[in-house]
Each structure stands twice: as C-alpha cells, then as structure tokens.
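Remarks on the structure that follows.
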Amino acid sequence: MAEANQDTSNNSCVEEAAFKQCTHWSNHSFFKLFHTGVFSDCKIVCGDHVFNGHICVLASACQYFKKAFCGGFKESTDKTLNLSEENWITVYALLKYVYGCAFDQIFEEESIEDTISTYALAERFGYPKLRDDLVKRPSGSHSAY
C-alpha cells in the first residue's frame, strides 16, 4: 500500500519543499502532522492509500472519527479505519480539510462529482463545517460540469 503521508523528517529538502506549498493551510503545525505522519496514532486505509492520522485531530473534527476511534468499535483498539469503499480523492479532500487546508485548495482538480461525493461523505460522517462550506461554494467555481 502506498503511504500517502510519509515521514520526511530525515529529508530536510523534501520537508522544506513541502513547507513552501504550505501557504494555503490555516495551521502549519497540522500541515506538518498531516504530511509527515509524525506523532501519528492511527491509520486510515482507502484502497491502496494509507493516511497516517492523529486521533485527537480527527475526533475533534467530526463525530464519525470520534465514534470509530473512541467508541467500543474494532477501530478503537487496532487504530485502523478502513474506508476502502470510498473514493480516495474524496477521503483525501476531507482529511486535508480536517487538518486545516484552505477550502478552495482541498481538490487538486475539482469536478462537480468530487464536490457531490465530498458533500455526501461530510454528511455521513457528521462533519457540518465541511458540508456547509460545500453548499456555500460560489456558483461557477467547479472546474468541470
């Protein structure tokens, strides 16, 4: 499986390049946590993609993560959440938003399908902040209809 956010702390050039792209993140510390996986205490698996996560960040963002990682479910003991049935681009967009990526930067190349899928995921996961931002999105802001 491909690690989506690998530890680059030993490679200062890679880390430095990543921070140059950090201008669209509201919290640079969360940016570093998300992209390096440092202090990670859980994993989110989505097909061939593995995202290293932080339970305190994820559980604070939405009810789904809180229930999965802090409830009596299997994920609360093995610290791995399998979301392989979801579109990984949608999961990645949601995770970027959770970690503070600017809303207008959560998609690499946005389509109406990505927006609808992300809205549905935010609704199912109990993440009203993202859902509401998707609804308030200015018309005509999608790159492909």
Pair list, Cβ under 8 Å, 6 or more apart: region 99-118 residue at negative phi, other residue of a type in the set (K, R) and at pLDDT 90 or above = Q105/K96; I106/K96
Note on region 55-74: residues of a type outside the set (A, V, I, L, M, F, W, C) and crowded, with 20+ Cβ neighbours inside 10 Å are none
Could you please give the count of residues in region 28-52 that are farther than 20 Å from I89 by Cβ, modelled with pLDDT of 90 or more and surrounded by 19 or more Cβ atoms within 10 Å (Cβ to Cβ)?
-> 1
Would it be correct to say that S29 is hydroxyl-bearing (S, T, Y), closer than 25 Å to D114 by Cβ and free of Cβ contacts under 8 Å to residues at least 12 places away in the same chain?
-> no
Evaluation of W88 against (1) farther than 14 Å from F125 by Cβ; (2) surrounded by 21 or more Cβ atoms within 10 Å (Cβ to Cβ); (3) of a type outside the set (G, A, S) (one fails), failing number = (2)
Between a first residue in region 75-88 that is farther than 13 Å from G53 by Cβ and a second residue that is assigned to a loop (DSSP other than H, G, I, E, B), which pairs have beta carbons less than 7 Å apart while being 6 or more apart in sequence or on different chains?
-> S84/G47; W88/G47
Failed condition for W25, given (1) over 19 Å from V91 (Cβ atoms); (2) modelled with pLDDT under 85; (3) among the hydrophobic types (A, V, I, L, M, F, W, C), with all others met?
-> (1)
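The values are calculated or read from the model by the stated rules, or taken from the named source; none is laboratory data. Bear in mind that the values here come from a model prediction, so they are computed numbers and not experimental data. When we count neighbours, we look across all protein chains shown, and the Cβ atoms used for this are built from the backbone with ideal geometry, even at glycine.
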